[in-house]
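The values are calculated or read from the model by the stated rules, or taken from the named source; none is laboratory data. Here the structure is a predicted model, which is why all the values come from computation and not from measurement. Cβ placement follows ideal geometry from the backbone for every residue including glycine, while neighbour counts extend to all protein chains displayed.
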Amino acid sequence: MSGHSTYEPKTGIERWLDTRLPIIRFGVDLGDFPTPKNLNYWWTFGAILGVCLVTQIVTGIILAMHYVPNATLAFDSVEHIMRDVNYGWLIRYIHANGAAMMFLAVYIHMFRGLYYGSYKAPREVLWLLGMVIYLLMVITAFMGYVLPWGQMSFWAATVITNILGSLPVVGPPITTWLWGGFAVDDPTLNRFFSLHYLLPFVIAGVVVLHIWALHVPGNNNPTGVNVKSEADTVPFHPYYTIKDAFGAGVFLILFAAFVFYNPDGMGHADNYVPANPLVTPAHIVPEWYLLPYYAMLRAVPNKLLGVLTMFGAIGVLFVLPWLDRSKVRSMRYRPTARIFLALFLLTCLVLGWCGAHEPDAAVIPGVGPGFVLVDYGINTDVWLSRLGTLLYFAYLIPVQLFLPLFETPLPVPESISTPVLSHPASVPAGATSAPEKKG
Ligand code: HEM
């Protein structure tokens, strides 16, 4: 895609290295990579995710120097990190909030892909690798949440490993194998720690493949129109290095606001109570970023079907590139599809809301002090979860398959440059036409 390399080694050492390991050439070529000139700030989330991943790995390695993966010592070792280790509180809060921030970024990154059709041909493999990353992120975050060995850690591990046990034939042996015994206990904590340490490096490896798969077809862009000529692109550096750095800077301000002003805001008070297998918490909930799946699991009355629905919710995203039949890539030119996507986002939020509530009570927020329980005779929370689950799958299967048959897209521009150059901001005051691109 990037064509010939512009790198010319200047010194003897550079020439020597270039014929043995052309790593400088590789870096320069990445910087020169022709990138569509109209990428907006939604395209900075890939870089933001890279920053998040590195932050998680660095803080995680430091935490692992002080954490003890033993069922009787784990909880206290986390308190030791918080109280005695120099800046241990900071490292831990960055790591715990960093996981949530990374999910925030990944959901924005994925919805950006949905809106601009970045998963469509020829970027299917890029999307598939993204989904592998997402799945690994879910597993890693789940195992990480178990490590402090608080009440919520223990019971979340118990609930999730137990639901795997409902799979026919393979379920029970898988659960025993995961537990390393006959209940969630010390061996479970040990293997979760081991895997929680390993998986981020696997994620990093898949990210390398993800970026490789991005560099073959090149970036999509807000118009969804393919790059037609060199005039449609700019070199990645310095244009997008600066834009990504600015985006990451703004994101880090939000991140810091959580770490310094509300570090436990996204956590659960029960996780400051040591794990106790004899006392079940009143209300077992996962972290916010997994709540929609939890709502789906509980929406289905049959346990096995609930598990399959939950896995199906992630599974269907893997095949999205083959479900979407639209010829137009970007939703900028698909007003009807845009409405459906907005409804899909709303569905995910409602499912998240349902996942956070007790299934046996209908809850109406904002009435009276805090929450008011209303007895409708039917369970609104569960029925809302069922409707949400139905709408979730409806958007990803029939809407993708059939909406393109009925919708009338807006005219799509000839090239990326057409809408860029016709934008009033691209024409300097007094000029009659847009400036020519230099170089
Ligand atoms: C650790 C997690 C991830 C990292 C570090 C990462 C990194 C990146 C980077 C650097 C880019 C190029 C810049 C950009 O378009 O924002 C990119 C593009 C892309 N990513 Fe990811 N990504 C991650 C997760 C995901 C996930 C979970 C998905 C979806 C399932 C995904 C789908 C895509 C797609 C479709 C593109 C192409 C965007 C375009 O050109 O329009 N990524 N990713």
Some residue of region 98-106 being touching a Ser or Thr at 6+ places or on another chain (Cβ under 7 Å) and either modelled with pLDDT of 95 or more or surrounded by 21 or more Cβ atoms within 10 Å (Cβ to Cβ) (or both): yes
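Matching residues to (1) more than 14 Å from the ligand (Cβ to nearest atom); (2) in a helix (DSSP H, G or I); (3) not assigned by TED's automatic domain parsing to the domain that holds Ile57:
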| site | (1), (2), (3) |
| --- | --- |
| Val184 | yes, no, no |
| Thr188 | yes, yes, no |
| Phe192 | yes, yes, no |
| Val207 | no, yes, no |
| Leu214 | no, yes, no |
| Val227 | no, no, no |
| Tyr240 | no, yes, no |
| Asp244 | no, yes, no |
Hits in region 48-76 (condition: among the hydroxyl-bearing types (Ser, Thr, Tyr) and within 15 Å of the ligand (Cβ to nearest atom)): Thr55
Residues of region 237-250 satisfying the condition of being surrounded by 14 or more Cβ atoms within 10 Å (Cβ to Cβ) and farther than 16 Å from Tyr41 by Cβ: His237
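Going residue by residue through region 107-122, is there one that turns out to be surrounded by fewer than 16 Cβ atoms within 10 Å (Cβ to Cβ), modelled with pLDDT of 95 or more and under 28 Å from Leu291 (Cα atoms)? Please lay out each step first, then the result.
Initial filter on region 107-122 (surrounded by fewer than 16 Cβ atoms within 10 Å (Cβ to Cβ)): 107, 121-122.
Subsequent filtering for residues that are modelled with pLDDT of 95 or more retains 107, 121-122.
Those still in the list that are under 28 Å from Leu291 (Cα atoms) too: 107.
Yes.
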Residues within region 251-265 that are crowded, with 17+ Cβ neighbours inside 10 Å and closer than 19 Å to Val78 by Cα, tallied: 1
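Kindly provide the set of residues from region 114-150 that are of a type in the set (Gly, Ala, Ser) and in a helix (DSSP H, G or I), ordered by number.
To start, the set of residues in region 114-150 that are of a type in the set (Gly, Ala, Ser) comprises 117-118, 121, 130, 141, 144, 150.
Passing the criteria: Gly130, Ala141, Gly144.
Return the residue satisfying two criteria in turn: it lies in region 33-47 and is among the hydroxyl-bearing types (Ser, Thr, Tyr) and more than 8 Å from the ligand (Cβ to nearest atom), and of such residues it is surrounded by the fewest Cβ atoms within 10 Å (Cβ to Cβ). Steps first, answer last, please.
Of all residues in region 33-47, those among the hydroxyl-bearing types (Ser, Thr, Tyr) come to 35, 41, 44.
Those still in the list that are more than 8 Å from the ligand (Cβ to nearest atom) too: 35, 41.
Working: Thr35: 21, Tyr41: 12.
Only one residue tops the list, namely Tyr41.
Hey, does region 17-34 have a residue that's under 29 Å from Thr418 (Cα atoms), modelled with pLDDT of 95 or more and touching a strand residue (DSSP E or B) at 6+ places or on another chain (Cβ under 6 Å)? Before you say what the answer is, go through the steps one by one.
Initial filter on region 17-34 (under 29 Å from Thr418 (Cα atoms)): 29-34.
Still in the list and also modelled with pLDDT of 95 or more: 29-34.
Subsequent filtering for residues that are touching a strand residue (DSSP E or B) at 6+ places or on another chain (Cβ under 6 Å) retains 32, 34.
Taking every residue of region 17-34 in turn, at least one turns out to be under 29 Å from Thr418 (Cα atoms), modelled with pLDDT of 95 or more and touching a strand residue (DSSP E or B) at 6+ places or on another chain (Cβ under 6 Å).
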Hits in region 74-102 (condition: β-branched (Val, Ile, Thr) and under 19 Å from Ala141 (Cα atoms)): Val78, Ile91, Ile94
Subset of region 212-225 [in contact (Cβ under 8 Å) with a residue 40 or more places away in the chain and over 16 Å from Trp42 (Cβ atoms)]: Ala213, His215, Val216, Pro217, Gly218, Val225
Residues that are over 26 Å from Gly181 (Cβ atoms) and aromatic (Phe, Trp, Tyr), drawn from region 38-83: Tyr41, Trp42, Trp43, Phe45
